[in-house]
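All remarks here apply to the structure that follows.
The values are calculated or read from the model by the stated rules, or taken from the named source; none is laboratory data. Source: prediction; values computed, not measured. Cβ: placed from backbone, ideal geometry, glycine included. Neighbour counts: every protein chain shown.
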Amino acid sequence: MPIDRLADLADAATAPRLVVKVGSSLLVGPGGTVRGEWLDSLVRELAQARARGQEVIVVSSGAIALGAARLGLAKGGRGSLADAQAAAAVGQIALASLWAERLAAHDIPAAQLLVTLEDLEDRRRYLNAAATLARLLKAGAIPVINENDSVATAEIRFGDNDRLAARVAQAASAHAIVLLSDVDGLYDRDPKDPAAQRLARVEGVTDEVHAMATGASSSGMGSGGMTSKLQAAEIAERAGIALAIVNGTHTAPLARGLSGEGIGTLFLPRRRDGARKAWLGGRQRMHGVLVVDPGCAAALGRGGSLLATGITAVEGDFGRGDPVAVRDGDGRTLAQGLAEYTAAEIERIKGRRSEEIEALLGYAPRAAVIHRDQLVLL
């Protein structure tokens with residue numbers, strides 16, 4: 001049965017595996033105090049979801065906020081990278097305890113997974129994470145996942161748990177994601193504007209939808225905003241996963257957001273890529289850029305491979321097998337894929353036809369610079 005409305009996310013028949021993302025400002029109040037009554041209500045809802053046959057994964061922020069309060073660090077622990085990492089190291093213990101104790105009260109074991117960007121960008125590590133999640137769910141546990149902020153730096157971090165939740169959902173083959181936010185959903189303009197209208201349903205994230213978003217987090221505590229949630233929806237839709245943004249500030253937020261009347265925004269995917277292409281399309285970090293001419297861009301849109309003849313410029317220093325973005329002459333990102341040549345080799349053969357490449361490189365050319373099987377359109 002396909003997901004068609006918010007209430008379907010609370011139905012084991014339509015959403016047998018659900019990812020729920022909890023932000024820092026929902027879990028931790030001013031001064032680093034835990035919003036215990038609110039958390040108890042959410043855990044009861046997760047236990048109810050389990051009882052009706054749904055498997056649940058939690059992606060939970062809050063470690064830095066909790067750790068900063070315990071260490072007495074200024075700016076909520078975000079004054080410097082060293083402060084954030086120290087706060088995360090202390091706070092993650094507290095965060096895991098919060099979830100473990102409350103889930104145990106419902107006879108549900110909790111499991112902790114800490115990941116960095118590279119854990120879900122590297123194909124082998126991604127598959128290992130997927131296998132671990134599958135085994136934990138089969139064993140009856142609720143995995144509680146967070147970014148490993150105690151070791152992650154700007155180069156190897158997601159930066160927000162919205163996109164992390166989408167990548168976890170991909171790895172876990174989840175059917176739906178619920179992002180608990182501090183607003184009722186996506187509005188057609190700044191929700192502070194009295195004329196703003198909430199969108200109940202969005203079918204595919206387009207440029208027009210992106211234009212409605214603001215990148216700011218109203219709480220000042222978290223690292224995400226509506227922009228990151230839309231990026232999460234894009235990642236989810238490539239795997240055919242529905243995503244909902246609902247207001248998590250209320251007690252029992254899932255009941256309010258996923259009731260028959262449903263208060264939130266439901267994003268329905270327009271596509272469903274295969275597992276490998278969904279993983280590839282959800283990658284955050286590219287090692288380089290290939291700029292292509294209009295004819296090449298059109299051929300890619302028709303499902304073709306990327307050939308050297310259509311490449312006009314090469315940016316970055318990357319090796320064979322590294323992920324690269326494909327852009328047109330106006331800077332729009334069209335696709336991303338795995339390069340069959342190094343950046344230096346592509347620089348030598350760009351704009352050349354296949355019959356010229358062997359003489360330039362000294363060996364028989366590969367079928368394409370990026371084969372269509374290793375390429376995903378964005």
Residue within the stretch 289-305 that is more than 30 Å from residue 46 (Cα to Cα), touching an Asp or Glu at 6+ places or on another chain (Cβ under 7 Å) and of a type in the set (Lys, Arg) present: no
Helices (runs of 4 or more DSSP H) (entirely within the stretch 113-207) containing at least 1 residues that are more than 18 Å from residue 233 (Cβ to Cβ): 117-121, 123-138
Scope the stretch 137-192; condition more than 16 Å from the chain's Cα centre (by Cα), under 26 Å from residue 273 (Cα atoms) and modelled with pLDDT of 95 or more; matching residues: 137, 138, 143
Test result for residue 47, surrounded by fewer than 19 Cβ atoms within 10 Å (Cβ to Cβ), more than 19 Å from residue 150 (Cβ to Cβ) and either over 25 Å from the mean Cα position of the chain (by Cα) or among the small types (Gly, Ala, Ser) (or both): yes
Residue selected from the stretch 97-119 under the condition in contact (Cβ under 8 Å) with a residue 60 or more places away in the chain and surrounded by 17 or more Cβ atoms within 10 Å (Cβ to Cβ), by the criterion nearest to residue 162 (Cα to Cα): 117
Qualifying residue in the stretch 365-375 (condition: out of contact with any Gly (no Cβ under 7 Å at 6 or more places or on another chain), at pLDDT below 95, in a helix (DSSP H, G or I) and not aromatic (Phe, Trp, Tyr)): yes
Considering residues of the stretch 161-205 that are of a type in the set (Val, Ile, Thr) and in contact with a Pro (Cβ under 9 Å, 6 or more places away or on another chain) only, the residue farthest from residue 46 (Cα to Cα): 183
Qualifying position, being over 27 Å from residue 168 (Cβ atoms) and either surrounded by 14 or more Cβ atoms within 10 Å (Cβ to Cβ) or without any contact (Cβ under 8 Å) to a residue 40 or more places away in the chain (or both), among 295, 281, 262, 257: 295
Test: residue in the stretch 64-81 that is charged (D, E, K, R) and closer than 20 Å to residue 143 by Cα: no
Residue tally, condition without any contact (Cβ under 8 Å) to a residue 60 or more places away in the chain and buried (at least 17 other Cβ atoms within 10 Å of the Cβ), over the stretch 69-85: 5
Filter result (in a loop (DSSP other than H, G, I, E, B) and either among the hydroxyl-bearing types (Ser, Thr, Tyr) or closer than 19 Å to residue 361 by Cβ (or both)) within the stretch 316-337: 317, 318, 319, 320, 321, 322
Residue in the stretch 328-338 that is at pLDDT below 95, loosely packed, with under 14 Cβ neighbours inside 10 Å and in contact with a strand residue (DSSP E or B) (Cβ under 6 Å, 6 or more places away or on another chain) present: yes
Test: residue in the stretch 305-315 that is crowded, with 19+ Cβ neighbours inside 10 Å, out of contact with any helix residue (DSSP H, G or I) (no Cβ under 6 Å at 6 or more places or on another chain), in a loop (DSSP other than H, G, I, E, B) and in contact (Cβ under 8 Å) with a residue 24 or more places away in the chain: yes
Residue that is within 19 Å of residue 371 (Cα to Cα) and basic (Lys, Arg), where the choices are 256, 276: 276
Residue 211 modelled with pLDDT of 90 or more and assigned by TED's automatic domain parsing to the domain that holds residue 18: no
Among (1) surrounded by fewer than 21 Cβ atoms within 10 Å (Cβ to Cβ); (2) closer than 25 Å to residue 136 by Cβ - the single one residue 2 does not satisfy: (2)
Verdict on residue 63 being in the same structural domain as residue 251 (by TED's automatic domain parsing) and surrounded by 22 or more Cβ atoms within 10 Å (Cβ to Cβ): yes
Checklist (1) among the hydrophobic types (A, V, I, L, M, F, W, C); (2) at pLDDT below 95; (3) closer than 25 Å to residue 240 by Cα applied to residue 361, failing item: (3)
Residue within the stretch 286-299 that is in a helix (DSSP H, G or I), farther than 27 Å from residue 231 by Cα and modelled with pLDDT of 90 or more present: yes
Selection status of residue 333, of a type in the set (S, T, N, Q) and more than 13 Å from residue 375 (Cα to Cα): no
